[in-house]
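A quick write-up on the structure given underneath.
The values are calculated or read from the model by the stated rules, or taken from the named source; none is laboratory data. If you're wondering where the values come from, they're calculated on a predicted model, not measured in any experiment. Cβ sites come from the backbone with ideal geometry, for glycine too, and all protein chains shown count toward neighbours. These accessible areas exclude ligands, DNA and RNA; they are computed on the full protein's heavy atoms, side chains included. Shrake-Rupley method; radii C 1.70, N 1.55, O 1.52, S 1.80 Å.
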Amino acid sequence: MKQYFATYKRHPKSIFLRAVVTFAAALTIFILFSLVAYIIVKGIPNLKPSLFEWEYTSENASMMPALINTVAMVLLTLLLAVPFGIGSAIYLTEYAKRDNKVVPVIRMTTETLSGIPSIVYGLFGYMAFVRAMEWGYSLLAGVITLAIMILPLIMRTTEEALLAVPDSYREGSYGLGAGRLRTIFRVVLPSAMPGILSGVILGIGRIVGETAALIYTAGTVTGVPDSVLSSGRTLAVHMYALLSEGLYTDEAYATAVVLLVLVLIINRLSALVASKLQSR
């Protein structure tokens, strides 16, 4: 304890910095738990069986079609974005030369795309897929737009995870006679899988909570699409529509609770998969 106080006595500024960091962490945790508590208190009393009926009507304001659309949107978007994101990161870290001048440009462009507002992606998807390709408001237009939107995120997190793998792993694999491709898929990727899944989890969170991009691409139809060229709304768009109409405020809070639970379940499943892969 004396050594602890002696350190702060020699560096008095560290006391102030520690107080600032502690306050920032406490404030962040307080805001997070306040938001969660507010959603739970306002939403749980409004949960009722009619909200989970198969078809949406003006009487029940069912969220079941939106829930199904959300799960479908997440799966289809990840099916497109994850292979391209991981493949691009593998090329940048494992195949591109260290002195390649194109790699820094790609990284800068990727970081720039990560900061573009979602409404811009929505307008791009509307002009490119809804209008130019004549798909109309459809699940496919929304999926491709979201895939383009989360691609930079998955690409950058995967690249950082691959760069964090020690070069000794690669050298040991090469020394045992394995080729580059085998080394990547049997040694490098399994070691980087927790970091890759962290990026995928962040991408899922952005997909589930997205509204602006989907309003202009997937539309706001309340039913379950019978094909990828049919329109449908997700839970986030459903909640936005209920609040904007001003007639279903209680149902919107209930939808927020279900959306929160869905995100927690997806994050938990992803964390379990990451821990299992890491243990192997």
Exactly one of these conditions fails for G219: (1) open to solvent by less than 30 Å² (accessible area, probe 1.4 Å); (2) farther than 15 Å from Y56 by Cβ. Give me its number. (2)
Do the conditions hold for A192, that is, is it crowded, with 19+ Cβ neighbours inside 10 Å, free of Cβ contacts under 8 Å to residues at least 40 places away in the same chain, over 30 Å from G136 (Cα atoms) and not aromatic (F, W, Y)? yes
Would you mind finding the one in A141, A161, A192, A128 that is touching a helix residue (DSSP H, G or I) at 6+ places or on another chain (Cβ under 6 Å) and closer than 18 Å to T77 by Cβ? A141
Looking at (1) surrounded by 17 or more Cβ atoms within 10 Å (Cβ to Cβ); (2) within 25 Å of T70 (Cβ to Cβ); (3) in contact with a helix residue (DSSP H, G or I) (Cβ under 6 Å, 6 or more places away or on another chain), can you tell me which one V187 breaks? (2)
Residues located in the range 258-271, provided they are open to solvent by 40 Å² or more (accessible area, probe 1.4 Å) and more than 13 Å from L202 (Cα to Cα): L260, V261, I265, L269
All-but-one check, A141 against (1) modelled with pLDDT under 90; (2) over 24 Å from Y91 (Cβ atoms), failing number (1)
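Among I90, I86, I40, which is touching a helix residue (DSSP H, G or I) at 6+ places or on another chain (Cβ under 9 Å), in contact (Cβ under 8 Å) with a residue 60 or more places away in the chain and either aromatic (F, W, Y) or open to solvent by 60 Å² or more (accessible area, probe 1.4 Å) (or both)? Steps first, answer last, please.
Working: I90 fails: either aromatic (F, W, Y) or open to solvent by 60 Å² or more (accessible area, probe 1.4 Å) (or both); I86 fails: either aromatic (F, W, Y) or open to solvent by 60 Å² or more (accessible area, probe 1.4 Å) (or both).
When all the criteria are applied, what remains is I40.
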So is S231 among the hydroxyl-bearing types (S, T, Y) and either over 30 Å from S58 (Cβ atoms) or part of a helix (DSSP H, G or I) (or both) or not? no
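Under the condition of being part of a helix (DSSP H, G or I) and among the aromatic types (F, W, Y), which residue from the range 238-257 is surrounded by the fewest Cβ atoms within 10 Å (Cβ to Cβ)?
Taking the range 238-257 as the starting set, the residues that turn out to be part of a helix (DSSP H, G or I) are 238-245, 249-257.
Among the residues that remain, those that are also among the aromatic types (F, W, Y) are: 240, 253.
Values: Y240: 19, Y253: 22.
The residue in question is Y240.
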How many residues does the range 93-139 hold that are open to solvent by less than 50 Å² (accessible area, probe 1.4 Å), more than 16 Å from E160 (Cβ to Cβ) and in a helix (DSSP H, G or I)? 8
